[in-house]
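Engineer: This structure is in structure tokens; I'll ask about it shortly.
The values are calculated or read from the model by the stated rules, or taken from the named source; none is laboratory data. Treat the numbers as computed from the prediction; the structure is a model and nothing was measured. Using ideal geometry, Cβ is built from the backbone for each residue, glycine included, and neighbour counts are taken over all protein chains shown. Accessible surface areas use protein heavy atoms only, side chains included; no ligands, DNA or RNA. Shrake-Rupley method; radii C 1.70, N 1.55, O 1.52, S 1.80 Å.
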Amino acid sequence: MARSTAQRPPSRGKLKIFLGYAPGVGKTYKMLELARELASQPVDVVVGYVETHNRYDVSALVLGLEILPRRAVAYRGGRLEEFDLGAALARRPQVLILDDLAHTNAPGGLHDRRWQDVLDLVDAGIEVQTTLNVHELESLNDVVAQITGIRVRETVPDTVLERAADIELVDCPPEELTSRVAEGKVRFVDQSRRAAAPFFQHGALLGLRELALRTAAQQVGDAVLELREAQAVQSTWPTAERIMVCVGPAPSSARLVRAASRMAASLRAPWIAVTVDDSRLTSLSEADRERVESHLVLAESLGAEAVRRTGDRKSEVLLEYARRRNVSRILVGKPTHSRLRDLIRGSLLDEIVRGSQDIDIQVIAGEADAPAVDGGARPARRGRPWAYAATAGLVALAAGLGALTRSHLAAPDFVMLFMLVIAVAAALFGRGPSLVASVLSVFAYNFFFVPPLYTPWVADERHLLTFGMMFAVGLVTSAITLHLRRQESDARTREEHTATLYSLSRDLSSALDETQAALVVAQHASELLGGGAVVLLPDEHGGVAPRARSGAELPFGERETSAARWAFDHGRFAGHGTQTIPESRATCVPLRSGPGPESLGVLAFAAPGPISLGIERRHFLEAFARQAALALERARLAEQAKRAALRARTEQMRSSLLSAVSHDLRTPLAAITGAATALRDETGGLAESQRSELLETVCEEADRLERLVRNLLDMTQLEAGALLVKREWVLLEEVVGSALARLEGRLGNRPILTDLPTDLPLISVDPVLLEQVFVNLLENARKYTPDGGLLEIRAHTEAGATVIEVCDRGPGLPEVEGARLFDKFVRGSHPGIPGVGLGLAICRGIMEAHQGTITAENREGGGAVFRLTVPSLVQPPPVPAEVDPAEGEARP
Amino acid sequence: MSTGPLVLLVEDEPQMRRFLRASLTAHGFSLVEAVTAQEGTALATSHNPELILLDLGLPDEDGLEVTRRIREWSRVPIIVISARGQESDKVQALDAGADDYLTKPFGVNELLARMRVSLRHSQQAGGTPDPLVEIGPLRIDLARREVTLEGKEVRLTPIEYRLLTLLAQHAGKVITHRQLLREVWGPGQVQQTHYLRVYMAQLRRKIEADPARPVLLMTEPGVGYRLRDRA
């Protein structure tokens, strides 16, 4: 049990509980008195909700304190006033006074119960002071029922009491209380005086008072222990205990669970509630299954770990599991059935005690008034009259068939015939009809085939044995059938669950980012649950926002959003089918990857039918959510890693850029500054040739600077993904032509040979960008090709693509690996040739933006060849033809 | 102060204004300067300049808007100045009525050549167009519908002829794809730039010595075409 008051972060608020043994002992009075004292200190005290019952003394105490406005709720035609949790969280007082911890909220609030409100407030860092009657404690429910004869419905889980930092016992002698009740000073909220009467009998009051004193003492003892633990005085502490309680369908199991919870609390030990699904012939009825389920839910709500095991021999399964989990004590219910049954079936208790070895076994009494429910006696399927009618028909058919073939068959054949009918009825219709078939068959066999015929009498006593055996066969067959059916359906459910989780994890493994993972989760959830599903992920405001939807439209209103938010913040189920915002149309499951309450998101779904959140369903949904959470976490981590890698790369690029730029920008700048100042400060000493040389320097270097800046800008655009490719249908010849025109005068006296076939198809490219590729390649070629060296541009079509080659007769490519040549800031080792190493990187970026490629290789006979491939993704559009007078035929 | 043609310069960068002021006054132009679009529009109305140099990236308004507003009442030649990478802005300005464009950085010679072409066209606009256009070896006789290259007749298709005459009438100036398509194929076909590419290629094969290295029919990538002026 999680009892970590000491380690809890200080940001949580304190919880103080005024505990009394009955209504009227003066809890509210005491609480308000102290609140007034606090307010005068002054502390920021606000009254959240106090029921004054129109009592002047209580009303007087509230006077002068700040009172939170109440929330008006329309309920069954009337109007109720309720505590306003939202207003309290918004007001954020230091101390909040909130009467009656066990109160049940009117529908429409965030939570069903006030204690849930209180936990939210404490979690939000607000100190809460509240009142509680001892009989409202969940684990004392049975004890109270024994004392007073009343089963209290509005209970508070013990975990809430354990969260309390302070418990103040408010006590008054029972005699005084009885007189107060008699004077009418005690008012009741929702119980009539008659219903409350058993509380105020003297004996009951004494018992309840003792309970309250013990509970308070226990909590004080816990506090001492905690202190001791904190001071590391552990020698007095025995080795860790772990308690296991065996839960079954009997109503007394609830009592067993509560006893285990109390014991676990007093031993400060974790505890496990285990139920074993018997796989033997005696199977549980639906009602029993539901009861087992409710016991497990109760155990979980009291802080236990609920576990379901399957096995042939209950005792073996239980002991094996207990050993595996290092259980030190096992709690078992006292058997309520007859000794005879133990003799026949063996006693579970005996077997456990015998096999327990070093584990302590404690036997707890079952309730005397507990109805003895025999799970085996209930028919599994009822309300299907046609099945019974069909069974009767089958028996009649068998009797008729027997009558017709009476002359050919012997008595044992008729027995077999009826056996067949019983087996068929069991297989087709289940347990009830098969039992009916047994009875009818015995009767029909006797009536029609056993002498004296057509009488219910039997001549030969041997036949009585036959009847008995027929009936027994019927019983056994029906039991086997039922068991098989249930096992089959269980196996199918389990298999479905496994298959669902498997296919979920398989699909999630291919999800690359959070959004994809969210979509996969939503799709699987809507498929699985048959309704709409929404996955919500954290947004930048600390809340959650829908990220992926699937299936039927799931309207996401205010309620659904706050349910999702609550589930996300608290890591627990909320919405439809739970106790928190049950009016929400969606059920919200937090996506948690670990045991903590931290969620990575929320899965909200709406099933078309009513939803049951039993243990098994809940566990399955948790497993589903865990898978989803793990995938989301993985995606998030991958994104972080990618971002980190990108940052590192950007960092590296920035440093190389800085060094390159500082050199390559400064060199032309230095030349320009030098030449320009020389011209400005000239005093007539410069010859005309020197002047023109200086001017030429300024122009050339400015040109170089311009190209460098252009390349840097292009690269930045490519890097940022901001490059827009405006595709147009163009002819290669024209692009090459405009590139050559732009380079006019810059290529020196290097002859250029263009070999572009006239039948090249139109290509879909951005002409401005492709021109840039040619300019960069040709400038590159110029840099490395000596004066007079031939530059060539050739093109041809090849396998649906246009291939263009730009060739030079330079020194060829360095031994740099092919692809690295096109990396940023990578340059061939040619001293004296300026450049930053961006030109080819830009070419590659542009070609990739066109889904094209660029490669480079050395050329036969010296030099390099750069090869561009532009794929033809679609057919070029047609151009209307025209008769060409030069050729006298239609073109193009 | 020179007394040549009056030029309105709308440019917000002081360095650019300084450089242009020095160059243009040195070449005999007189100059009025505006820093914002508002100021530019006002000066265009009050001074009635013979040519406007207009920067597209102005602090208060887009140069495109200025072009549109001036074109509502005046046919004064407008030369747009813009940075590289703003091809679509240039095209919009040209389609809105600007006469030509220059990409920063540019040389003074380039600027002066463009200004001369624009001024010449605006002076011609009043009278009848010259029926004979001669550009280097190319001679276009509009009256006789005859095109010759170095004295030899060039046989053109009707579309090729219309394209060539359109460019020749505005020789030296850029004509956008849209303008060419609208004039030759009609307003419904202004998106079909591939028609232009194919017919321009055909035209080049007939009038250029090496169609891959044109000297007459120049491509302005992403913008349009220009027939070189007196090459």
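Engineer: Using the structure shown, decide if A:LEU669 is closer than 30 Å to A:ARG844 by Cβ, aliphatic (A, V, I, L, M) and open to solvent by 90 Å² or more (accessible area, probe 1.4 Å).
Structural biologist: no
Engineer: Given the conditions (1) away from chain B (no Cβ under 12 Å); (2) open to solvent by less than 50 Å² (accessible area, probe 1.4 Å), report the number of the one that A:VAL736 does not fulfil.
Structural biologist: (1)
Engineer: Only residues in region A:271-294 that are among the acidic types (Asp, Glu) count as the first member; pair them with residues that are modelled with pLDDT of 65 or more and buried (at least 18 other Cβ atoms within 10 Å of the Cβ), Cβ under 7 angstrom, at least 6 apart or cross-chain, and list the lot.
Structural biologist: Qualifying pairs under 7 Å: A:ASP278/A:LYS314; A:ASP288/A:PRO249; A:GLU293/A:ILE615.
Engineer: Next question, about the same structure. Right, A:ARG549: open to solvent by 50 Å² or more (accessible area, probe 1.4 Å), modelled with pLDDT of 85 or more and not in a helix (DSSP H, G or I) or not?
Structural biologist: Values: open to solvent by 50 Å² or more (accessible area, probe 1.4 Å): yes; modelled with pLDDT of 85 or more: yes; not in a helix (DSSP H, G or I): yes.
So A:ARG549 fits the description; yes.
Engineer: If A:ALA124 passes every condition in (1) more than 25 Å from A:LEU208 (Cα to Cα); (2) touching a strand residue (DSSP E or B) at 6+ places or on another chain (Cβ under 8 Å); (3) of a type outside the set (Val, Ile, Thr) but one, which one does it miss?
Structural biologist: Evaluating A:ALA124 over (1) more than 25 Å from A:LEU208 (Cα to Cα); (2) touching a strand residue (DSSP E or B) at 6+ places or on another chain (Cβ under 8 Å); (3) of a type outside the set (Val, Ile, Thr) leaves (2) as the failure.
Engineer: Among the listed residues A:LEU475, A:LEU435, which satisfies the condition of being surrounded by fewer than 18 Cβ atoms within 10 Å (Cβ to Cβ), touching a Leu at 6+ places or on another chain (Cβ under 9 Å) and in a helix (DSSP H, G or I)? Break it down into steps so the answer makes sense when it comes.
Structural biologist: Numbers: A:LEU435 fails: surrounded by fewer than 18 Cβ atoms within 10 Å (Cβ to Cβ).
Of the residues listed, the single one that is surrounded by fewer than 18 Cβ atoms within 10 Å (Cβ to Cβ), touching a Leu at 6+ places or on another chain (Cβ under 9 Å) and in a helix (DSSP H, G or I) is A:LEU475.
Engineer: Please enumerate the residues belonging to region A:61-93 that are of a type in the set (Asp, Glu) and touching a residue at least 12 places away in the same chain (Cβ under 8 Å).
Structural biologist: A:GLU66, A:GLU82, A:ASP84
Table: residues versus (1) in contact (Cβ under 8 Å) with a residue 40 or more places away in the chain; (2) assigned to a helix (DSSP H, G or I); (3) farther than 30 Å from A:PHE774 by Cα; (4) of a type outside the set (D, E, K, R).
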| residue | (1), (2), (3), (4) |
| --- | --- |
| A:ILE672 | no, yes, no, yes |
| A:ALA676 | no, yes, yes, yes |
| A:GLY685 | no, no, yes, yes |
| A:ARG710 | no, yes, no, no |
| A:VAL725 | yes, no, no, yes |
| A:GLU734 | no, yes, no, no |
| A:GLY737 | no, yes, no, yes |
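Engineer: If you scan region A:488-518, which residues turn out to be more than 15 Å from A:ARG634 (Cβ to Cβ), in contact (Cβ under 8 Å) with a residue 24 or more places away in the chain and open to solvent by 70 Å² or more (accessible area, probe 1.4 Å)?
Structural biologist: Selection gives nothing.
Engineer: Against the definition (open to solvent by less than 30 Å² (accessible area, probe 1.4 Å) and facing chain B (nearest Cβ under 7 Å)), how does A:GLU728 come out, yes or no?
Structural biologist: no
Engineer: Specify the residue that is nearest to the other protein chains (Cβ to nearest Cβ); the eligible residues are those in region A:763-806 that are open to solvent by 20 Å² or more (accessible area, probe 1.4 Å) and hydrophobic (A, V, I, L, M, F, W, C).
Structural biologist: A:VAL768
Engineer: Just to check your reading of the model, which residue among A:ASP513, A:ASP507 is modelled with pLDDT of 80 or more and touching an Asp or Glu at 6+ places or on another chain (Cβ under 7 Å)?
Structural biologist: A:ASP513
Engineer: Output the number of residues of region A:552-568 satisfying the condition of being open to solvent by 20 Å² or more (accessible area, probe 1.4 Å) and free of Cβ contacts under 8 Å to residues at least 60 places away in the same chain.
Structural biologist: Residues flagged as open to solvent by 20 Å² or more (accessible area, probe 1.4 Å) and free of Cβ contacts under 8 Å to residues at least 60 places away in the same chain within region A:552-568 amount to 10.
Engineer: Also, I was wondering about something else. So, in region A:109-122, exactly how many residues are out of contact with any helix residue (DSSP H, G or I) (no Cβ under 8 Å at 6 or more places or on another chain) and closer than 14 Å to A:GLY575 by Cβ?
Structural biologist: Qualifying residue count, region A:109-122: 2.
Engineer: If you take the residues in region A:384-432 that are polar (S, T, N, Q) and open to solvent by less than 50 Å² (accessible area, probe 1.4 Å), which one is nearest to A:LEU484 (Cα to Cα)?
Structural biologist: Here the residue is A:THR391.
Engineer: Would you confirm whether any residue within region B:141-162 is crowded, with 17+ Cβ neighbours inside 10 Å and under 30 Å from A:LEU723 (Cβ atoms)?
Structural biologist: No, every residue in region B:141-162 fails to be crowded, with 17+ Cβ neighbours inside 10 Å and under 30 Å from A:LEU723 (Cβ atoms).
Engineer: Only one of these is part of a helix (DSSP H, G or I) and open to solvent by less than 90 Å² (accessible area, probe 1.4 Å): A:ARG649, A:ARG691. Name it.
Structural biologist: None of the others qualify; the one that does is A:ARG691.
Engineer: If you don't mind, another one. How about region A:739-762: which of its residues are open to solvent by less than 50 Å² (accessible area, probe 1.4 Å) and within 9 Å of another protein chain (Cβ to nearest Cβ)?
Structural biologist: Selection gives A:ALA739, A:LEU740, A:ALA741, A:ILE752, A:THR754, A:LEU756, A:LEU762.
Engineer: Something else about it: Only residues in region A:739-758 that are within 18 Å of B:LEU217 (Cα to Cα) count as the first member; pair them with residues that are assigned to a strand (DSSP E or B) and polar (S, T, N, Q), Cβ under 9 angstrom, at least 6 apart or cross-chain, and list the lot.
Structural biologist: So the pair list comes out as A:LEU740/A:THR754; A:ALA741/B:THR219.
Engineer: Tell me, yes or no, whether region A:453-464 has at least one residue that is under 52 Å from the mean Cα position of the chain (by Cα), open to solvent by 60 Å² or more (accessible area, probe 1.4 Å) and not hydroxyl-bearing (Ser, Thr, Tyr).
Structural biologist: No, there is no match, as no residue in region A:453-464 is under 52 Å from the mean Cα position of the chain (by Cα), open to solvent by 60 Å² or more (accessible area, probe 1.4 Å) and not hydroxyl-bearing (Ser, Thr, Tyr).
Engineer: Can you tell me how many residues within region A:712-724 are surrounded by fewer than 21 Cβ atoms within 10 Å (Cβ to Cβ) and within 12 Å of another protein chain (Cβ to nearest Cβ)?
Structural biologist: 6
Engineer: Now for a different question. Would you kindly identify the strands (runs of 3 or more DSSP E) lying entirely within region B:119-231 that contain at least 2 residues that are modelled with pLDDT of 90 or more and within 10 Å of chain A (Cβ to nearest Cβ)? Lay out the reasoning, then the answer.
Structural biologist: Details: elements: B:132-135, B:138-141, B:146-149, B:174-176, B:217-220, B:224-227.
Answer list for region B:119-231: B:217-220.
Engineer: Test B:VAL80 against the stated conditions and say whether it is touching a Phe, Trp or Tyr at 6+ places or on another chain (Cβ under 7 Å) and closer than 21 Å to B:HIS170 by Cα.
Structural biologist: So B:VAL80 passes the test.
Engineer: So which strands (runs of 3 or more DSSP E) are wholly in region B:24-104 and hold at least 3 residues that are open to solvent by less than 10 Å² (accessible area, probe 1.4 Å) and either more than 14 Å from chain A (Cβ to nearest Cβ) or farther than 29 Å from A:GLU706 by Cα (or both)?
Structural biologist: Because the criterion is at least 3 residues that are open to solvent by less than 10 Å² (accessible area, probe 1.4 Å) and either more than 14 Å from chain A (Cβ to nearest Cβ) or farther than 29 Å from A:GLU706 by Cα (or both), the strands (runs of 3 or more DSSP E) in region B:24-104 that meet it are B:51-55, B:78-82.
Engineer: Would a scan of region A:586-600 turn up a residue that is at pLDDT 85 or above and over 13 Å from the mean Cα position of the chain (by Cα)?
Structural biologist: Yes, region A:586-600 contains a residue that is at pLDDT 85 or above and over 13 Å from the mean Cα position of the chain (by Cα).
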